[in-house]
1. For region 262-413, take every pair of Cα atoms, bin their distances at 10 Å starting from 0, and report each bin as a whole percent.
2. Which of the pairs 116/181; 60/80; 60/116; 125/187; 102/181 have their Cα atoms more than 19 Å apart in this structure?
3. Remind me, relative contact order of region 326-433 in percent, using alpha carbon pairs under 8 angstrom and six or more residues apart?
4. Please compute, for the alpha-carbon atoms of region 181-243, the extent along each of the three principal axes and give them in descending order in Å.
5. Percent of Cα-Cα pairs per 10 Å bin, from 0 to the last occupied bin, for region 326-433, please list those.
6. Just to confirm a number: summing +1 for Lys and Arg and -1 for Asp and Glu over residues other than residue 381 whose beta-carbon lies under 12 angstrom from that of residue 381, what do you get?
7. To the nearest 20 debye, what charge dipole does region 326-433 have about its Cα centre, counting +1 at the Cβ of each Lys and Arg and -1 at the Cβ of each Asp and Glu?
8. I'm a student and want to see the number: the projected area of the Cα convex hull of region 73-127, averaged over all directions, in nm².
Amino acid sequence: MKPTPAASAGGIDSFKNLSLRERTDGTHYGGNALTGGRDSMAQGGDESGEDLVVLDGVYKIFGPQPRGRAFELASSGMGKDEVQAETGHVIGLHNVSFSVSKGEIFVVMGLSGSGKSTAIRTVNKLHNITAGTVMVDGVDVQTLQGSELQAFRRRHMGMVFQHFALFPHRNVIDNVGYGLKVQGVDKAARNEAAMGALALVGLDAYSQNMPSELSGGMQQRVGLARALASDPEILLMDEAFSALDPLIRRQMQDELLQIQSELHKTILFITHDLNEALRIGDRVCIMKDGAVVQIGTPEEILTEPATGYVAEFVQDVDQGRVIQVHEVMQPPAPVDDDATIAEALSVMGNRIGAFVLDPEGVPTHLLTVDDAARAASMGTTDLAPALRTDFDRCGPNDRLNEVYAVAGRGLSIAVCDEAGLLVGNLDPRHIMEEMGRVESLIDDFEREVFL
Ligand SMILES: Nc1ncnc2c1ncn2[C@@H]1O[C@H](COP(=O)(O)OP(=O)(O)O)[C@@H](O)[C@H]1O
Ligand SMILES: [Mg+2]
C-alpha cells in the first residue's frame, strides 16, 4: 500500500481556499505531546486570541453507572473496547481536551462512533459529562440548568445538523425566524434578521417558498440560515453537509468559508470526511474510540501525522495540495550584477541558482550553477553573459502542486511577494525531498501498524 499523491481519492480540488482565510495556527491544547505542532512549539503560547470553547479532560461514559468501575478503568488508561467488555459501559469521550479560539473553524474528524457528536453535545450540554470541564465563553456549562441553560444556548450558539428538520408547514422565512420567535422577537425584527440570513446563504428569493419546494442542498442552506438568524457567536455543525451530493457539498463548503470570511464566527464543525476537514478547518482534531489522536493545522495533519491511525487517513490525500512554497524555499541570497563569477558562486552557497535584482528588489536575471561553471571553464569572469531571463516565479503561499510543472525545468524558481519583490529561492529538488519525506514517514507508520 503506497500513498498515491497524484490519484487522490475523492479529490480535494481546491485547497486554495485555505489561503483566503486568516489562519490561526497556534494550537491551544495543553494535553499531550501528540497535539503540538511546529507552530505551537515555536510560539509556545496563545497569540490568536481568546479560547471560546474549552474542553478539559472530558469523559462521557454511557451506561447505568457512568462514574463507577467503567470510569475507573477508563481513567487508568483502559481502551474503549476493553472497558465495554469488562463493564458493559460505552465510552463516548475519553479524556478529551481541546480549545476552539474565537473566529476559528475547528473541525472534529473521525470515523463513525469515534465520539464526535458526543463531543459537540457537551458544548451545549445536551449531555451531562462524567468528568472534566466544558467552558463556553468563560462559563462552565455543566452548572447551567433549565431556563438559564436555554437562554445561554440561544444567546451563544446556533446549531446545524445532518438531518436538519425544517417545519414542513411553515414557509422558508418563518422557518429561519423560528428561533427568534421563540425568543419573543417581534415579527418585523425577526423577518428582517431572517432575510439577512437568507441573503447570506443565497436564498433570499425563496423566502416565501415551502420547504418541500426546495432541493436537499437548499433545505440545508435554510438550516444554516436558521442558525445564523439569531447571530450567535458560536456555530455548532454536526455532519451538516454529510448527506449532500459531493458537488453540492463542495458548494456548501465554499459558501461556509465565504460566510465565515464576512462574519468571523467561531465554528465547531464535525465531519467523518478528511477531505472536508482539511478543506475547511483552520485546525483539525482527529478522534478515535472517544479519544483525541491529533490536533493540528491541515498542514500538520498531513505532513506530521502523529500516529499510524492518522497516517492511514491521510495517505490518499495529495500533500502537494497543502504544503506551501514558503515551507521549503531557501532565503534568496541575490547576487550583484557587477560581481565576478567566482564571487557569485560563493554567495550562492549550496543553491543551484541565484537571482540578480533591480534596485527595487525585483528579480531580473537568474544565474544557475551550471551556467556559472560553464562560463568559468571558458575563462570568463564577467557575470553578464552567463545570466538568463527565462526563469519562473511563484508566490510564497502557492501550493507545491501549483509549481510542479515549472519545477520540472530543474531551475531555481523566484519566490516573489505581491509587489514582485524576491522573498525566496525555490529549488525543485527541495519540493521532491519534502514530498519524499512525507511519503517515507507514512511508509514507516505502515510498517509499524501492519508488520
Ligand atoms: N445515548 C447513548 N447511549 C449509549 N451509547 C451512546 C449514546 N450516544 C453515543 N453512544 C456511543 O458513544 C460512542 C460515540 O458516539 P458518537 O459521539 O455518536 O460518535 P460519532 O458522532 O463520532 O459517530 C459510540 O460508541 C456510540 O455508540
Ligand atoms: Mg455523529
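Each value in this text was obtained by applying a stated rule to the coordinates, not by laboratory testing. The structure displayed is predicted, hence computed values, not measured ones. Glycine gets a Cβ as well: all are built from the backbone with ideal geometry, and neighbour counts include every protein chain shown.
1. P(r) over region 262-413, rounded to whole percents: 10, 29, 22, 16, 15, 7, 1.
2. Beyond 19 Å between Cα atoms: 116/181; 125/187; 102/181.
3. 31
4. 33, 27, 19
5. 16, 49, 29, 5, 0
6. Neighbourhood net charge equals -3.
7. The dipole of region 326-433 has a size of about 380 debye.
8. 4.6
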